[in-house]
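The values are calculated or read from the model by the stated rules, or taken from the named source; none is laboratory data. Please read these numbers as outputs of a predicted model, since none were measured by experiment. In this analysis, Cβ positions are derived from the backbone assuming ideal geometry, glycine residues included, and neighbour counts consider all displayed protein chains.
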Amino acid sequence: MIHTDVLIVGAGPAGLSAAIEIGATGANVILLERSNVAGGQLIKQTHMFFGSEKQYASYRGYEISDILLKEAESMPNVCIKLQATVLAAYDDGTWTADIEGEYTKIKPKVVVVATGAAEKSLPFPGNDLPGVCGAGALQTLMNQYGVKPAENVVMLGAGNIGLIVSYQLLQANVNVLALAEGSQKIGGYLVHASKLRRLGVPIMTGYTVKEALGTTALEAVTLWKIDENWQGIAGSEITFSVDALCIAVGLSPLAELLWQAGCKMLYVPSLGGYVPYRDKSLCTSIENIFIAGDVAGVEEASAAMVEGRLAGLSAIKHLGIDLPNQSATEADYYAQLASLRNGHSGEKILSGLSKATL
Amino acid sequence: MDFKRGEEIVFTFDGKPVSAFEGETVAVALYAANVRKLATSHDKHRARGIYCAIGNCASCMMIVDGTPNVKTCVEPVRAGMVVESQPDKGKLT
């Protein structure tokens, strides 16, 4: 049995930020990451971030990941383990993990769950064909491994992920034949959308996938127009020959461990699915389990970093460590989150958060 | 962008040699070798390939060195590793 002050699950932007915040006090932190690289999905983000300096605006995602990792690694009291999958949370407060193939029991005083989110799929005939995949999968192939992911792509979803990944596909010499979006409006930032339009990518709002065609791999995709009830309109079909159909219709929180730990959960569509109830300080219904990042509600990585800091600060408080300027620091994190959630997409997030926050 | 590729290695996929770079995952190496079908659905035996590429969705499970149900999108390649298609739910040996 390993005893530690804090266990953090997930070394993405939220988990790393929490580790840095807590690590600075000298408390012992074990940070477990199931992948063999730290940084979460930042490692494949080649675009520059918005926000303010405090959230590393104007750096590219993979650069931010390096900065956070270096800082966390420089702390001798922060132990980062890769290929370390947390398996279970037991009622007596024991957490178990597979750390590089070894079954390990951990008894932490405080846990920060920062497990992130998974890409959603969409129901349509042929949606399981090889070649139909998440936007993140194509990013992994091209941005992390340098493998050209396809020749001709149709992108589904005009949120920020769909827009940004379409642009990155063009940068990798992939033809983006169309970007379809079921709703009548582009969900992501218009600056990204205009860039695509200038490069000749048709953005087809009011269209969705009718079916994906192929036998052992995707060969074509048929889009069709949908009416105000999201029903397909016969006769409006357009078929594209493609070797990839990229699905960017949002993410849902990876909350399995929170369910298992017994945290009270709530379904909030605007946060991506089931999320834990929490207080303002990101404490769940279980007093020593805190949350940060997409598992608390799907947002951008910038918000995940601030939430990581905030959850870290709350964990420190729970450990009974007194910090100078604690309340000023806390106020600063709340202000940063408020500023990131300012604007059109922020409204949706805030209304979702108001349902899940006690 | 700069890609730091590892040493070139060779593994086998259904008996045929496939070259890869150390640091890649099995699914990525197969994708680069133009293999799209990785797994087979249990019921209707439909082709499955990469969906999430980060170990969430389990649509890329194959037999690796005799072990079935390995998520190949997060399984690092190793020289000489034996990768096989898995036609069923997999058998523990």
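Can you tell me which of (1) within 12 Å of chain B (Cβ to nearest Cβ); (2) buried (at least 22 other Cβ atoms within 10 Å of the Cβ); (3) over 30 Å from A:I203 (Cα atoms) is the one A:V111 doesn't meet?
Exception for A:V111: condition (1).
Check B:A39, B:A20 and return the single one that is out of contact with any Phe, Trp or Tyr (no Cβ under 9 Å at 6 or more places or on another chain) and either over 26 Å from A:L170 (Cβ atoms) or small (G, A, S) (or both).
The unique qualifying residue is B:A39.
Give me the pairs: first residue in region A:121-133 and more than 13 Å from A:V221 (Cα to Cα), second residue of a type in the set (V, I, T) and outside any loop (DSSP other than H, G, I, E, B), beta-carbon distance under 6 Å, and six or more apart or on different chains, which are they?
A:L122/A:I247
Which residue out of A:Y90, A:Y56, A:Y103, A:Y145 is out of contact with any His (no Cβ under 6 Å at 6 or more places or on another chain), of a type in the set (F, W, Y) and within 12 Å of chain B (Cβ to nearest Cβ)?
A:Y145
Among the numbered criteria (1) assigned to a helix (DSSP H, G or I); (2) within 12 Å of B:I50 (Cβ to Cβ); (3) of a type outside the set (D, E); (4) more than 7 Å from chain B (Cβ to nearest Cβ), which single criterion is violated by A:T140?
It fails just one condition, (4).
Report whether or not A:Y267 is surrounded by fewer than 24 Cβ atoms within 10 Å (Cβ to Cβ) and without any contact (Cβ under 8 Å) to a residue 12 or more places away in the chain.
So A:Y267 fits the description; yes.
Which number in (1) of a type in the set (A, V, I, L, M, F, W, C); (2) buried (at least 22 other Cβ atoms within 10 Å of the Cβ); (3) touching a residue at least 60 places away in the same chain (Cβ under 8 Å) marks the one condition that A:L282 misses?
Among (1) of a type in the set (A, V, I, L, M, F, W, C); (2) buried (at least 22 other Cβ atoms within 10 Å of the Cβ); (3) touching a residue at least 60 places away in the same chain (Cβ under 8 Å), A:L282 violates only (3).
Step by step: first the residues of region B:12-26, then only those that are of a type in the set (A, V, I, L, M, F, W, C) and more than 9 Å from every other protein chain (Cβ to nearest Cβ), then the one that is farthest from B:D88 (Cα to Cα). Which residue is that?
Ranking the qualifying residues of region B:12-26, first place goes to B:A20.
Suppose the filter is crowded, with 22+ Cβ neighbours inside 10 Å, within 14 Å of another protein chain (Cβ to nearest Cβ) and either out of contact with any helix residue (DSSP H, G or I) (no Cβ under 8 Å at 6 or more places or on another chain) or among the aromatic types (F, W, Y) (or both); does A:V242 pass it?
yes
Which pairs do you get when a residue that is under 15 Å from A:G131 (Cα atoms) and more than 9 Å from chain A (Cβ to nearest Cβ), found in region B:47-73, comes within reach of a residue that is among the aliphatic types (A, V, I, L, M) and surrounded by 21 or more Cβ atoms within 10 Å (Cβ to Cβ), reach meaning Cβ atoms under 7 angstrom, with the pair 6+ apart or on two chains?
Between residues of region B:47-73 that are under 15 Å from A:G131 (Cα atoms) and more than 9 Å from chain A (Cβ to nearest Cβ) and residues that are among the aliphatic types (A, V, I, L, M) and surrounded by 21 or more Cβ atoms within 10 Å (Cβ to Cβ), the close pairs are B:C60/B:A27; B:C60/B:L38; B:C60/B:A39; B:C60/B:I50.
Only one of these is modelled with pLDDT of 95 or more and surrounded by fewer than 21 Cβ atoms within 10 Å (Cβ to Cβ): A:G182, A:G157, A:G162. Name it.
Only one candidate passes the filter, namely A:G182.
Restricting to region A:120-135, what's the tally of residues that are within 9 Å of another protein chain (Cβ to nearest Cβ) and at pLDDT 95 or above?
The number of residues fulfilling the criteria is 7.
In region A:273-358, which helices (runs of 4 or more DSSP H) lie fully inside it and hold 2 or more residues that are in contact with an Asp or Glu (Cβ under 7 Å, 6 or more places away or on another chain) and within 18 Å of A:I22 (Cβ to Cβ)?
Hits in region A:273-358: A:301-318.
Under the condition of being hydroxyl-bearing (S, T, Y) and within 12 Å of another protein chain (Cβ to nearest Cβ), which residue from region A:25-48 is nearest to A:L169 (Cα to Cα)?
A:T46
Quick check, is B:I9 of a type outside the set (G, A, S) and within 12 Å of chain A (Cβ to nearest Cβ)?
No; evaluated as a whole, the condition is false for this residue.
Looking at A:S354, A:S314, A:S285, A:S281, can you tell me which residue is over 21 Å from A:D5 (Cα atoms) and modelled with pLDDT of 95 or more?
A:S354
Name the single residue that is nearest to the chain's Cα centre (by Cα) among those in region A:97-128 being within 19 Å of A:A19 (Cα to Cα) and not hydrophobic (A, V, I, L, M, F, W, C).
Checked region A:97-128; the qualifying residue nearest to the chain's Cα centre (by Cα) is A:G116.
Restricting the search to region A:148-172, which residues are within 12 Å of another protein chain (Cβ to nearest Cβ) and part of a loop (DSSP other than H, G, I, E, B)?
A:K148, A:P149, A:A150, A:E151, A:A172
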